[in-house]
Amino acid sequence: MRTSTLFGFAGVMFAVYPILRPYSSETGMAGAEAFGSPLWVAAHTCAMLGFIALGLGMLYARGAGLPNTAVISTWIGIGLVLPYYGAEAFALNAIGRSAVDASNPALLDLASSIRYSAVQMTMFGVGLVLIAIGTVAFARQHRYARVLAVGFVLFLPQFFAPPELRIAHGILILVGSLLVARAVRVRRMAVAV
C-alpha cells in the first residue's frame, strides 16, 4: 500500500471518528444509549484503524528520510493507546447495551473502572504523548507534516472539548494527513521522473 494512501486513510478515519461518535452526558439512560449504540463501536473502530494507518504510514515514510525517533515513538504510542480504545469501544458498548436492555442505568458505574483506573489512564496518556512526539519529530524533518503534528499534540486536550471542537479536531488531522499524503505523492513522482 502506498504511503500517501495510508496517510489519507488515517486522516479520513480520524475525521469520521468524532463525527460518528454519539455524544451525551454519558450518565443515565442517555449515556447507556450512547455507549450501547452501534455508532459507538463504529466510531472507536475508525480511530483504531486511523492509528494503525498512521503507524504504517510513518513506517513506510521512513525510507523518505523520516528519523527513527518518529517511527519508534509513534509505534510505541500506538501500542499503548490501542488497548484503551478497544476497551472503550467494546466494553463500554456491552455495558451500555446491558443497561438499556435491563433499563438499569446504574450499570454505567462500571464505565469509570474501565476508563479511569491508573494503569489504563497512564498507558493512554503516555501513548498519546509518544504519538505527539513522533509526529513532531516528523514535522521537524518535513515541514509539510506540521499540521498533522499540531493535530496529535492536541489529541489529548481535545477530549475535554465540546463535540463541535472534537469534530473540528478530527478535520484538522484529516487536513494534516492529506497534506502529508500529497507531499509524499509529489515527492515520489519527482523521484520517479
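Laid out as a table, the results:
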| item | result |
| --- | --- |
| The chain, relative contact order [Cα under 8 Å, separation at least 6], % | 30 |
| Simple spin-label estimate for ALA118 and ALA87 in nanometres, 7 Å along Cα-Cβ | 1.4 |
| Ratio Rg/Rh, restricted to the range 3-192 and using Cα atoms, in which Rh is the Kirkwood radius | 1.03 |
| Residue order, fewest to most beta carbons within 10 Å, for TYR144, TYR84, TYR17 | TYR144, TYR84, TYR17 |
| Gain in span if fully extended, ARG140 to ILE72, counting 0.36 nm per residue against the direct Cα distance | 22.9 nm |
| Cα-projected label distance for GLU26 with LEU110, points at 7 Å along beta-carbon direction, nm | 1.7 |
| Helix-only CD estimate at 222 nm, as mean residue ellipticity for the chain, using -39500 (n - 2.57) per DSSP H run (n ≥ 4) | -25500 deg cm²/dmol |
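Every read-out reported here was derived from the displayed coordinates using simple, explicitly stated rules and does not represent laboratory data. Quick caveat: nothing in here was measured; it's all calculated off a predicted structure. Every residue, glycine among them, receives a Cβ derived from its backbone with ideal geometry; neighbour counts consider all protein chains shown.
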